[in-house]
1. Name the residues in the range 6-34 that are surrounded by 11 or more Cβ atoms within 10 Å (Cβ to Cβ), out of contact with any Gly (no Cβ under 6 Å at 6 or more places or on another chain) and not in a helix (DSSP H, G or I), would you?
2. If Ala52 satisfies all but one of (1) within 30 Å of Trp15 (Cβ to Cβ); (2) modelled with pLDDT under 85; (3) surrounded by 10 or more Cβ atoms within 10 Å (Cβ to Cβ), what's the number of the condition it fails?
3. So which residues in the range 35-53 are among the acidic types (Asp, Glu) and either in contact with a strand residue (DSSP E or B) (Cβ under 8 Å, 6 or more places away or on another chain) or not in a helix (DSSP H, G or I) (or both)?
Amino acid sequence: MLNGMLWIVRSGAQWRELPETYGPWQSVYARFAKWRDDGTLERIFHALSADADMENLSMDSTCVKVHESANGGGKNGR
């Protein structure tokens, strides 16, 4: 069930497009809605983020985009 929920989040698809390998979409959605409403998903998120390994995080210019006006470009290309 959790893998089905993660597939939906990662793909951005509608619930009806959930592959059959994860089970009936109605069942996965019902479990998602239950966990959302009773706070289970929030507790899972907090538990996982509390133990996050932040030591190896990095960003470089390949993943950070700057608007053209921030790097000297103007609206008219001047």
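The values are calculated or read from the model by the stated rules, or taken from the named source; none is laboratory data. Not measured: the values here are computed from a predicted model. Cβ atoms come from the backbone with ideal geometry, glycine included; neighbour counts cover every protein chain shown.
1. Listed by number, the residues that qualify are Ala13, Pro19, Gly23, Pro24.
2. Among (1) within 30 Å of Trp15 (Cβ to Cβ); (2) modelled with pLDDT under 85; (3) surrounded by 10 or more Cβ atoms within 10 Å (Cβ to Cβ), the lone unmet condition for Ala52 is (3).
3. Looking only at the range 35-53, we keep the residues that are among the acidic types (Asp, Glu), and these are 37-38, 42, 51, 53.
Of everything in the range 35-53, those that are among the acidic types (Asp, Glu) and either in contact with a strand residue (DSSP E or B) (Cβ under 8 Å, 6 or more places away or on another chain) or not in a helix (DSSP H, G or I) (or both) turn out to be Asp51, Asp53.
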